[in-house]
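Let me begin by presenting the structure, written as structure tokens, before commenting on it.
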Amino acid sequence: MTGWLFWPIRLAPWGSDSFRDLLEAVVMGSLSAGRPTNSLGTVDFVTSSVVAEPATHGVGSCPVVSLSGGRPLLTVDHLERLMRRHGLDLAIAQALVLDEILEAVPLPADQERQVLADYLAAQGLTGDPGATEAWLAANRLDLADVRAIATHSSRLDRFKEQCFGDEVEIRFLERKGDLDQVVYSLIRVREEELAEELYQRIREGEADFADLAPRFSLGSERDTNGVVGPMSLSIGHPELESRLRVSRPGELLPPFFVKDIWVVLRLERLMPAQLDAECRKALLGELFESWFDERVRQVLAAEPLPGLPIHRLSGQGVCP
């Protein structure tokens, strides 16, 4: 593996530029096609690179990685050995794919400017260049890092929506059976005779699940008066799932045997899944995670990577 050469970063002084000018330079530098006119010192906002003098600290010309305080600590060979021995390959591959996405996804200028301003304000950086420079140094960040961190969620949400948004409805229809939720009442006992007796008492109206479950049921439903849910149908035991799918709300089922337990069951409510905002977000996340996991697998397997579906960010083409 060929490693990159990482040198400790020395930020250039900010001079007389105001905090507002600095913020404008960061944002516009990330959005423009060329180098920003308000670059500060040696920082290039477009390429996210920093020109800095190397600090060898006695390590000669070997590529080194600095972990703290600008002090080279690890050679690339050492870091690679740590990755192998401590299972860091997956985390590195995931970070590589995430960074690839975030570097490629643009945000509208106004949105990026606001997100960045909100992030800086949340760190207590509201206008003092000296305090901001000190904060950057203490956290070993440059302005490109700040931009990436501040806009991470917004860029990732934009990527998910524009690359996989058209597939959400199809995924919903495919998974609707799993997304439907139910509430049911349940009693579990070991003896068939007891299960039949409890079933008859409920059927005849002599008692209800709330009366009997705390006294007789063997599962956690004894603490909820026999009520289970709301929960997805697919989460429960397959035998319960199959019976609940064909039941009507309020229908009391005769006792049936599951593995080593006798069950008395009644469907209380069926709540069909709706493609609302919450469900849509969850399905969008599933689609992204499936794509993301496959790309990480390709990285770890050293397979050729297909291009990112960047064409979808302008509403064209099909996401691979």
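The values are calculated or read from the model by the stated rules, or taken from the named source; none is laboratory data. In this text the structure is predicted, and so the values were computed from the model without any measurement. Note that we place each Cβ from the backbone using ideal geometry, even for glycine, and neighbour counts take in every protein chain shown. For the accessible areas, the whole protein counts, side chains as well, though only heavy atoms, and no ligand, DNA or RNA atoms are used. Shrake-Rupley method; radii C 1.70, N 1.55, O 1.52, S 1.80 Å.
Structural remarks
- Carbon/sulfur fraction of accessible area - region 79-202, other protein chains in place, 1.4 Å, %: 50
- Of the trypsin sites (Lys or Arg not before Pro) found in region 162-267, those in coil by DSSP whose Cβ has at most 10 other Cβ atoms within 10 Å are Arg190, Lys259.
- Legend: residues Tyr119, Tyr184, sorted from most to least accessible area (1.4 Å probe; ligands, DNA and RNA excluded), read Tyr119, Tyr184.
- Note on region 221-284: Rg/Rh from Cα positions, Kirkwood definition for Rh, rounded to two decimals, is 1.03.
- Accessible surface computed residue by residue for region 189-320, with neighbouring protein chains in place and a 1.4 Å probe, gives 59 Å² per residue.
- At 1.002 mPa s and 20 °C, Stokes diffusion of region 192-320 via Kirkwood alpha-carbon radius, µm² per second: 114
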